[in-house]
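The values are calculated or read from the model by the stated rules, or taken from the named source; none is laboratory data. Computed from a predicted structure; not experimentally measured. Here the Cβ is made from the backbone with ideal geometry for all residues, glycine too, and neighbour counts use every protein chain on show.
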Amino acid sequence: SSSPAPKPVSTVSPFACQRRTTLDNHNKNFTDLLEVLAENMELSGNQGPCLAFRRAASVLKSLNTALRHPEEMKHLPCLGEHSKAIIEVEYLSLSLSLYLSSALRTSENWFSRGLRTLEQILSDPTIRLNRMQTAGFLFYDDISRPVSRAEAEAMKVLVEDAVKRVNPSARVCITGGFRRGKDFGHDVDFIIRTPEPGQEDGLLPALIDWFRRQNVLLYADLQESTFDLGKLPSRRFESMDHFHKCFLIVKLKRDDVCEERERDEDGRRDWRAIRVDLVAPPIERYAYALLGWTGSTLFDRDLRRFARLERGKLLDNHALYDKATKAKENSSM
Ligand code: TTP
Ligand code: MN
Ligand code: MN
Ligand code: MN
């Protein structure tokens with residue numbers, strides 16, 4: 001007997017028991033994301049959204065081809081608004097994977113200007129150091145040394161432990177270069193996910209306080225949220241976001257790092273300083289914040305450009321807006 005012809009997408013049943021069940025998943029990039037979200041929802045007791053994400057993933061798994069365009073979702077059952085938005089963001093990021101690149105670092109900029117030593121940098125009157133850079137110079141040797149993946153993982157344990165004490169239902173995810181698979185970074189970036197709206201308020205000050213009491217905090221620059229739903233999207237196209245965030249320098253104990261290193265570290269202290277960035281977006285903005293904070297900076301910039309020019313959307317770290325709808329809202333004001 002011959003196998004049945006592949007079903008056109010438009011006849012996908014809303015019932016899982018009526019769909020093909022296969023391990024041959026052509027939409028793993030989307031379904032992985034949806035299932036992580038489903039699991040997070042489950043862990044935080046949100047059964048409704050959890051089921052919705054699982055249903056959406058299940059529908060995508062049943063397709064015998066990869067989704068080629070978000071438009072195709074129109075013909076699929078069981079995809080709620082949230083699932084669709086997430087798939088759309090994932091789609092946009094995938095279609096731009098060629099643009100991955102690192103931005104020029106400030107230090108490289110200084111280097112290209114012929115500044116080779118700390119003394120030269122500090123004595124150059126045209127260079128004004130911000131607070132972070134000033135603090136950075138106190139731990140210059142450490143901060144300028146790349147952070148390894150093993151150190152990033154150890155830092156994650158530290159951050160997770162702190163977050164657990166402040167809010168047991170919160171989850172921590174590494175973002176930035178390490179989320180992109182890099183083996184080294186200049187810092188470690190984390191996004192904190194709180195399951196209920198409003199739980200992000202006060203989280204970072206409490207974390208900073210905890211680090212301080214553990215005697216591992218070397219520097220903290222806290223930026224409270226300037227988030228205002230009513231004002232988004234802003235008229236000017238913005239690349240900065242309005243989330244709660246903080247820029248830290250944290251002590252990492254060498255004994256906490258699971259990696260091989262030279263035995264002889266004569267007279268060196270038993271910790272190193274590491275730059276850590278934390279962001280705590282409200283849950284309804286999490287997907288966009290995660291995308292933005294995963295970077296790279298150039299990738300994000302071109303992602304926004306691509307969204308605007310090729311897809312008629314406005315993308316920022318908070319949401320994805322329809323350009324046309326936005327225009328209508330503005331003109332009615
Ligand atoms: P970085 O940590 O600066 O860069 P990186 O992790 O890609 O590279 P490195 O290994 O050198 O650390 O920034 C990570 C991402 O966070 C980057 O894409 C920009 C984004 N970001 C925001 O979206 N908003 C912000 O306010 C900040 C500070 C960063
Ligand atoms: Mn980083
Ligand atoms: Mn950086
Ligand atoms: Mn960073």
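Anything in the stretch 284-328 that is part of a helix (DSSP H, G or I), more than 16 Å from ligand 4 (Cβ to nearest atom), within 18 Å of the chain's Cα centre (by Cα) and surrounded by fewer than 19 Cβ atoms within 10 Å (Cβ to Cβ)? List them, or say none. Result: Glu284, Asp302. Among residues of the stretch 269-281 being buried (at least 22 other Cβ atoms within 10 Å of the Cβ) and more than 16 Å from ligand 3 (Cβ to nearest atom), the one that is nearest to Glu160 (Cα to Cα) is Ala280.
Within the stretch 193-209, can one find any residue that is within 16 Å of ligand 4 (Cβ to nearest atom) and either outside the structural domain of Val279 (by TED's automatic domain parsing) or over 14 Å from Leu278 (Cβ atoms) (or both)? No, the stretch 193-209 has no match at all.
Of the set (1) modelled with pLDDT of 95 or more; (2) surrounded by fewer than 14 Cβ atoms within 10 Å (Cβ to Cβ); (3) more than 21 Å from Leu43 (Cβ to Cβ); (4) not aliphatic (A, V, I, L, M), all apply to Phe184 but (1).
Being of a type in the set (Lys, Arg), without any contact (Cβ under 8 Å) to a residue 40 or more places away in the chain and within 14 Å of ligand 4 (Cβ to nearest atom) is the filter here, so list the residues in the stretch 157-185 that pass it. Matches in the stretch 157-185: Lys182 only.
Where residues in the stretch 185-207 are in a strand (DSSP E or B) and more than 7 Å from ligand 1 (Cβ to nearest atom), which of them is farthest from Leu37 (Cα to Cα)?
The initial filter retains those residues of the stretch 185-207 that are in a strand (DSSP E or B), namely 185, 188-193.
Retained after the next criterion (residues that are more than 7 Å from ligand 1 (Cβ to nearest atom)): 188, 190-193.
Values: Val188: 23, Phe190: 17, Ile191: 14, Ile192: 14, Arg193: 11 Å.
So the residue we want is Val188.
Quick check: anything in the stretch 305-318 out of contact with any Pro (no Cβ under 8 Å at 6 or more places or on another chain), modelled with pLDDT under 80 and farther than 22 Å from Val250 by Cα? No, the stretch 305-318 contains no residue that is out of contact with any Pro (no Cβ under 8 Å at 6 or more places or on another chain), modelled with pLDDT under 80 and farther than 22 Å from Val250 by Cα.
Regarding Ala280, is this residue more than 16 Å from ligand 2 (Cβ to nearest atom), among the small types (Gly, Ala, Ser) and touching a residue at least 60 places away in the same chain (Cβ under 8 Å)? Yes, satisfied.
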